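The values are calculated or read from the model by the stated rules, or taken from the named source; none is laboratory data. Just so you know, these numbers come straight off a predicted model, no measurement behind them. Using ideal geometry, Cβ is built from the backbone for each residue, glycine included, and neighbour counts are taken over all protein chains shown. The area values use the complete protein model at the heavy-atom level, side chains included, leaving out ligands, DNA and RNA. Shrake-Rupley method; radii C 1.70, N 1.55, O 1.52, S 1.80 Å.
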Amino acid sequence: MARVRPGEAANPAPPTVQRIRVRFAKRGRLRFLSHRDVARSVERAVRRSGVPVSHSHGFSPHPRISWIGAAPTGTASEAEYFEIGLTREVEPEVVRTALDAVLPDGLDLLEAVVAEPPALADRVDASLWRIELPGVSEAGLRAAVDGLLAKDSLVVDRIMPSGKRQIDVRAAVAWAEVAADSPTGVTPDAAASGPDCAILTAVVRQTTPAVRPDDVLGALDVVAGLKPPVPAKATRMAQGLLDDRGRLADPLGPGRVTTRA
């Protein structure tokens, strides 16, 4: 075995010459995938697609793919992001199409751009969530949300592997609005004769640990005794930097923002 000279990599790999940022959706039954399952699916798609991904150095090289703010298991998303390093320049749309063609339905690549400073992680500090609450009336949800927003602080307990952790949900909620709508996948005619379905839309700031949709629902239970009769369906609609008007700047385009509902 050849000796490795000081300052050299044990297993040198071609350098990264381009980085591509990708927005993807996690839909349908695939919302129950864990972040690790999603990462493995993307790594497998990279190998199958032939995209010239760059790898780390060393005896166990890994594809250079970085992730930010994975949605909790069980939640859907229209705004998940990863960044991939390439060994040669490729048009972002070519990369997106090649990977999307070999990913399972429900992991859908929506957009890709060439990465530019600042880092992707520095472009996100909040998320826009839509939470469907079948069986909950608009009036009932509105009263609970008004109660939460009237608080200066509202702490809930979360059981974590390291033990119980207290999380201030109110500090993380930048704004929240309530509407009545039909659940996703239900026609308006069918919904009209069925139970209520209130919709909560909220921007939640990035905290440590992250405040999740079930934490927000837990806070509504604490403040108003709101208990949905069936599990809620949460979808992350956007991520980005939160401005003073409550809007989120698109991480893939500094000029684009997500407006309030």
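Residue check: ARG31 meets all listed conditions (1) under 16 Å from the mean Cα position of the chain (by Cα); (2) without any contact (Cβ under 8 Å) to a residue 12 or more places away in the chain but one, namely (2). A count restricted to the stretch 202-236 and to residues that are part of a strand (DSSP E or B) and surrounded by fewer than 18 Cβ atoms within 10 Å (Cβ to Cβ) stands at 1.
Residue pairs whose Cβ atoms lie under 7 Å apart, separated by 6 or more positions or on different chains, with the first residue in the stretch 146-169 and over 19 Å from PRO213 (Cβ atoms) and the second of a type in the set (Asp, Glu) and crowded, with 16+ Cβ neighbours inside 10 Å, are SER153/ASP168.
For every residue, the table says whether it meets (1) of a type outside the set (A, V, I, L, M, F, W, C); (2) on the phi < 0 side of the Ramachandran plot; (3) open to solvent by 50 Å² or more (accessible area, probe 1.4 Å); (4) not in a strand (DSSP E or B).
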site	(1), (2), (3), (4)
VAL90	no, yes, no, yes
VAL95	no, yes, no, yes
ALA98	no, yes, no, yes
PRO104	yes, yes, yes, yes
VAL145	no, yes, no, yes
ILE167	no, yes, no, no
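The single condition among (1) open to solvent by 40 Å² or more (accessible area, probe 1.4 Å); (2) farther than 30 Å from THR207 by Cβ that SER49 does not meet is (1). Screening ALA238, ALA171 for residues that are within 30 Å of GLU116 (Cα to Cα) and at pLDDT 95 or above leaves exactly one candidate, ALA238.
Looking at ARG23, ARG36, just one residue is in a strand (DSSP E or B), open to solvent by 50 Å² or more (accessible area, probe 1.4 Å) and of a type outside the set (Gly, Ala, Ser), and that residue is ARG23.
Note on the stretch 10-28: residues that are more than 14 Å from the chain's Cα centre (by Cα), under 22 Å from GLU93 (Cα atoms) and aliphatic (A, V, I, L, M) amount to 2.
Residues are listed down the side, and each one gets a yes or a no for (1) open to solvent by less than 50 Å² (accessible area, probe 1.4 Å); (2) free of Cβ contacts under 8 Å to residues at least 40 places away in the same chain; (3) acidic (Asp, Glu):
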| position | (1), (2), (3) |
| --- | --- |
| ALA45 | yes, no, no |
| HIS57 | no, no, no |
| TRP67 | no, yes, no |
| VAL113 | yes, no, no |
| VAL124 | yes, no, no |
